[in-house]
Amino acid sequence: MRIGELIPTTSRSFEKRLVIAVSIIVLAILGLQFVSHDRANALAHEGEDLRRTVSMATQSDRLLKLVIRFKLDSRAAIPPGPDGMARYAGALTDTAMDIEEVVNALRLDGLGAIDPARHDQVFQDLDRVVEGFVSQRNTSSSNSSARRLDEMLNAATALSDESQARRDQAIARLEGSAQRWNRQVAIFALVLLALALAIHFDISRNILPALRRMHGSLKRLAEGDLDVPIERFKLVELRDLARSLETFRRNALAVQDLAFADPSTDLPNRRAFVQIAPRLLMNRDHDAPAFIALIDIDRFKYINDDFGHESSDRLVRLLGERMREALGEDALLARIGGDEFAIYCATQDQAPPGIVCDALTRAVRQPFELDGTAISITVSIGFAEIESADGDIEHILHRADLALYASKRNGRNRATRFNADLSQERDLDRALERDLAEALGGGQLRMVYQPIYPTTNAAQEIEALVRWRHPRLGEISPGRFIPAAERSGVMPELGAWIVDRALSDLSRWAGLAMSVNLSPIQLQQEGFVSFLLEACQKYRISPRRVILEVTETISIERNARALLTLELLRNAGFRIALDDFGTGYSSLCMMKNFKFDRLKLDRSLVIDIGEDETSRAVFDAAVQMARQIGAEVVAEGVSEEALVETALVAGCTHLQGFHLSQPVEAQTIQEIYDAALRKAERATAMAVAQVS
């Protein structure tokens, strides 16, 4: 049974229990004070009575001694000599006076030791008793004094005995009062001690443990542990506080859900990932390979442009569900950005992280159903393996980010493992992004041109290509600095510079056509069509001489502005070519929705057609499809003579590649085409001569 149940009120309130305990203590102290005061008065009274009885007993003893001395003196021999009688009489008189003095003192003590009825005749007229002993003139007088003396001795003896008895009774009463006081004090002390023990027991067994548990809950809440259970306390004060804490905990959990969860996908966000991943890392099986990966949706900006943010959010949710299904329940998947996810995974089947990430990229490639449209996307993945349980998550995320950056730079739609060289590559790309603005105005960029050869007549076309000679790093590949320009926001300025310089050079080469590559960013620019037309007017170039090459991306297929820009450019006289055909998102849909003048087959479709029958079949099908819709077909990447014949047989209208001609400087273009023109003229002349 708890102490609280022993309290008559059976209160569960700490305040009431405390008030009751203090009230009992106060009442006990007041009771002790009252008893002590009463006992003190009684002891004082009995002490005074004892003092008086002791005084009476002392006087009685003295009286007895004086009477005995008086009797002894009366029987003493009279000293010889004439004054012997006088001395004898004087001694008796002195003793008699002392007896009268003691008797008077006993009469005045207030205790009634001398009873007038009993003692007055015995102790009065002592001078006659003295005279009787002195005169000795007759026997009767002497005998009378002797009898009076015997009566005095008997009275003094009785009085002494009575005084002694009364003294003993007073002492007994005083001792009894003292013992009763001690008992009462002991009883109150025991009551207070028992009450103190009860309070101590209640505090130590009930209140303090409850306070400690409450303190522990408060401490864990203060440390951010919102999973701590809040106990339902019996104490009213703690119960009210616990109710408030539980309300706070639930509200904090709701806020945490908002702060640590992504509302679109219900996945943890970056903050939650950084907190949860270290705990999983510490508790993992150290024999299982573990890694952290960053996943980025390729060209997500274009998906936003095509379908809008609401549809893009649904696509991200579907992607999260698919990745969670592919990874299993043991992996931690979080959305840490608009199109970026993070994964912590400890592979229980000992599968290498690279295989897991490759499988994930394949799973993502399956089309998603969105608003009745099948959408195919790809992702780029960068992963970093975890070497120790105490690894810093932010550091590992940084490594994974470097690997992700490499995946994007190397063509996207792949998984890349972190290695030490990636950090240097990232630093180099950052340097390129910083230096591009200076390169635009510092004469570091230049244009080169690669001939495009038709299969039916002499070469009359070139493709404009930009090159960058860095003052410290030397020649930088366009595949390296064009993405850097797009990331750094310099692409509009770089694209304008390329168009202006290419058209300026084209104005010097009459009769040639030129292909110019456009970035998807340029198609989004306000006033881009006007800019191209003004540039052509500036250099007096017909738009029909300019072929604009656009990369196959979903933004060109679906984005209204990009499609409108292409339509306006075609209506203005520009020819439109689809570059890198066969590597993008939805080639067939694009060809259905927009009529391209030319398709440029990506080098990945060309490089193996001479050796692999499957590649040859795919290549032939692509060429025939393009020819059937009336588009020209350019085979890029022709690197050897065998590919020339194969491309011609397949029906390509144009060829381009290092085997035919590498990109050359602008001053060389005129010579190449003059030589080609002379060769064509000689061939024509020979043909005419043979006919003649």
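The values are calculated or read from the model by the stated rules, or taken from the named source; none is laboratory data. Just so we're clear, the structure is a prediction, and the values are computed from it rather than from any experiment. Cβ coordinates were reconstructed from backbone atoms using ideal geometry, including for glycine residues, and neighbour counts include every protein chain displayed.
Considering each residue of the stretch 447-478, count those that are touching a helix residue (DSSP H, G or I) at 6+ places or on another chain (Cβ under 8 Å) and either more than 24 Å from residue 544 (Cα to Cα) or in contact (Cβ under 8 Å) with a residue 40 or more places away in the chain (or both), and give that number.
Total meeting the criteria: 17.
Could you figure out which of (1) surrounded by fewer than 19 Cβ atoms within 10 Å (Cβ to Cβ); (2) in contact (Cβ under 8 Å) with a residue 12 or more places away in the chain; (3) in a helix (DSSP H, G or I) isn't true of residue 645?
Unmet condition: (2).
Quick one: in the stretch 221-245, of everything that is assigned to a helix (DSSP H, G or I), charged (D, E, K, R) and at pLDDT below 80, which residue is farthest from the chain's Cα centre (by Cα)?
Filtering first and then ranking leaves 237.
Looking only at the stretch 255-270, filter to residues that are surrounded by fewer than 19 Cβ atoms within 10 Å (Cβ to Cβ) and part of a loop (DSSP other than H, G, I, E, B); which one of those is farthest from the chain's Cα centre (by Cα)?
The extreme case among them is 264.
Please go through the stretch 297-318 and pick out each residue that is within 16 Å of residue 363 (Cβ to Cβ), touching a residue at least 60 places away in the same chain (Cβ under 8 Å) and aliphatic (A, V, I, L, M).
Within the stretch 297-318, 297, 315 qualify.
Taking only pairs six or more apart or across chains, which ones have beta-carbon atoms under 9 Å, a first residue in the stretch 144-171 that is touching a residue at least 60 places away in the same chain (Cβ under 8 Å) and within 30 Å of residue 132 (Cα to Cα), and a second residue that is part of a helix (DSSP H, G or I) and acidic (Asp, Glu)?
145/131; 160/61
Does any residue in the stretch 510-524 that is polar (S, T, N, Q) come within less than 9 Å, Cβ to Cβ, of a residue that is assigned to a loop (DSSP other than H, G, I, E, B) six or more places away or on a different chain, and which pairs are these?
Note: pairs meeting the criteria are 524/559.
Restricting to the stretch 437-475, name every residue that is small (Gly, Ala, Ser), over 18 Å from residue 663 (Cα atoms) and surrounded by fewer than 18 Cβ atoms within 10 Å (Cβ to Cβ).
Across the stretch 437-475, the qualifying residues are 437, 441, 442, 443.
Considering each of 39, 62 in turn, give the residue that is buried (at least 16 other Cβ atoms within 10 Å of the Cβ) and at pLDDT below 80. Spell out the reasoning first.
On the way: 62 fails: at pLDDT below 80.
Going through 39, 62 in turn, just one is buried (at least 16 other Cβ atoms within 10 Å of the Cβ) and at pLDDT below 80: 39.
Does residue 485 qualify as being under 51 Å from the mean Cα position of the chain (by Cα) and surrounded by 17 or more Cβ atoms within 10 Å (Cβ to Cβ)?
Working: under 51 Å from the mean Cα position of the chain (by Cα): yes; surrounded by 17 or more Cβ atoms within 10 Å (Cβ to Cβ): yes.
When the stated conditions are applied, residue 485 passes them.
Just to be sure before I move on: is residue 213 of a type outside the set (A, V, I, L, M), more than 17 Å from residue 20 (Cβ to Cβ) and assigned to a helix (DSSP H, G or I) in the structure I sent?
yes
Given 504, 515, which one is outside the structural domain of residue 306 (by TED's automatic domain parsing), over 49 Å from the mean Cα position of the chain (by Cα) and either over 17 Å from residue 460 (Cβ atoms) or in a helix (DSSP H, G or I) (or both)?
Of 504, 515, the one residue that is outside the structural domain of residue 306 (by TED's automatic domain parsing), over 49 Å from the mean Cα position of the chain (by Cα) and either over 17 Å from residue 460 (Cβ atoms) or in a helix (DSSP H, G or I) (or both) is 504.
Closer than 24 Å to residue 278 by Cβ and touching a Ser or Thr at 6+ places or on another chain (Cβ under 6 Å): is that true of residue 382 in this structure? Quick ask: steps written out before the conclusion?
Details: closer than 24 Å to residue 278 by Cβ: yes; touching a Ser or Thr at 6+ places or on another chain (Cβ under 6 Å): yes.
The answer is yes for residue 382.
Could you list all residues from the stretch 475-510 that are among the small types (Gly, Ala, Ser) and under 16 Å from residue 430 (Cα atoms)?
Within the stretch 475-510, 477, 479, 484, 485, 488, 489 qualify.
Restricting attention to the stretch 80-114, and to residues there that are outside any helix (DSSP H, G or I) and surrounded by 13 or more Cβ atoms within 10 Å (Cβ to Cβ), which single residue is modelled with the highest pLDDT?
Selected residue: 109.
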